[in-house]
1. Can you name the residue in region 46-66 that is under 21 Å from the mean Cα position of the chain (by Cα) and not β-branched (Val, Ile, Thr) and, of all such residues, is surrounded by the fewest Cβ atoms within 10 Å (Cβ to Cβ)?
2. Return the residue satisfying two criteria in turn: it lies in region 148-175 and is of a type in the set (A, V, I, L, M, F, W, C) and farther than 20 Å from residue 132 by Cα, and of such residues it is nearest to the chain's Cα centre (by Cα).
3. From the list 127, 144, exactly one residue is in contact with a Gly (Cβ under 7 Å, 6 or more places away or on another chain) and small (Gly, Ala, Ser). Which is it?
4. Given (1) among the hydroxyl-bearing types (Ser, Thr, Tyr); (2) touching a Leu at 6+ places or on another chain (Cβ under 8 Å); (3) surrounded by fewer than 17 Cβ atoms within 10 Å (Cβ to Cβ), identify the lone condition not met by residue 112.
5. Is it the case that residue 62 is closer than 28 Å to residue 194 by Cβ, assigned to a helix (DSSP H, G or I) and basic (Lys, Arg)?
6. Name the single residue, out of those in region 137-146 being exposed (fewer than 15 other Cβ atoms within 10 Å of the Cβ) and not charged (D, E, K, R), that is modelled with the highest pLDDT.
7. Right, residue 217: among the β-branched types (Val, Ile, Thr) and at pLDDT below 95 or not?
8. If you check residue 79 against the conditions, is it out of contact with any Lys or Arg (no Cβ under 9 Å at 6 or more places or on another chain) and not assigned by TED's automatic domain parsing to the domain that holds residue 146?
Amino acid sequence: MAVRKIPGAANSARTVKAEQVEAGRTGRVPKDERRRQLLQVAAEILTAQGIDDVQITEVAERAGVSRPLVYRLFPTRRALVKALLEDFASQLSARYSRAMLSSLPGSLPQITESFVKASCEAIEAHGAGPWLLLDVRGTDPELGRLGRTILAQMLKPWQKQLAELSGLPPRRAVNLMWVVVAAGRAALDGWIEGAISRRAAIEDATRAVTSLLQAFTRPL
């Protein structure tokens, strides 16, 4: 699942490199900082090479640390991938919260656009790999369940707002949320794959999601 390198994602590689240089100067790196570094390295490998290459050995080599050090923070490869997805989902959720606050009291298209832009910014900051892996469709059922579960947890706080907006009962509101998410993600695929510009993808995603929400909030 290697994907096109998104402009801006290269900055993260420079950040990791700078942390490695700084670690050499000052000695031991704090645990939280080391964990963040390793997750960033794993995200870069995922985006550039695909999920099969996200291995403890590869991450250790890229980060310039020993395998035992990586294992102390992530006992298994699954734990590493899970932490990578949870970290990305946390960053994405924080961006969505800021997008909501900054767009109020705006129109539905304005609010939707702010969420789409927040998604693009997260992809640029962390690479497209984690974004795609949150809702992967492939031959690994366990990986698919893991990503889907983490995505569902990230979206759960927004279910109540969507239910209030649409007037739908909770279960149908959840179903609508997945429809909206699928539309938004599909609209950004062209940008991630390099077929269309970022601006065009944002316009397409905003129109698709806004149209769906308007359709479900109209009086029957």
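1. My answer is 52.
2. Here is the first cut: in region 148-175, the ones of a type in the set (A, V, I, L, M, F, W, C) are 150-152, 154-155, 158, 162-163, 165, 168, 173-174.
Filter again for farther than 20 Å from residue 132 by Cα, leaving 158, 162-163, 165, 168, 173-174.
Details: 158: 16, 162: 21, 163: 24, 165: 25, 168: 27, 173: 22, 174: 20 Å.
Within region 148-175, the match that is nearest to the chain's Cα centre (by Cα) is 158.
3. 144
4. Among (1) among the hydroxyl-bearing types (Ser, Thr, Tyr); (2) touching a Leu at 6+ places or on another chain (Cβ under 8 Å); (3) surrounded by fewer than 17 Cβ atoms within 10 Å (Cβ to Cβ), the lone unmet condition for residue 112 is (3).
5. On the way: closer than 28 Å to residue 194 by Cβ: yes; assigned to a helix (DSSP H, G or I): yes; basic (Lys, Arg): yes.
In short, yes.
6. Residue satisfying both the conditions and the ranking: 141.
7. Numbers: among the β-branched types (Val, Ile, Thr): yes; at pLDDT below 95: yes.
Here the answer is yes, as residue 217 does meet what is asked.
8. yes
The values are calculated or read from the model by the stated rules, or taken from the named source; none is laboratory data. What you see is a predicted model; the values in this text were computed from it and never measured. Note: ideal-geometry Cβ built from the backbone for every residue, glycine included; neighbour counts use all protein chains shown.
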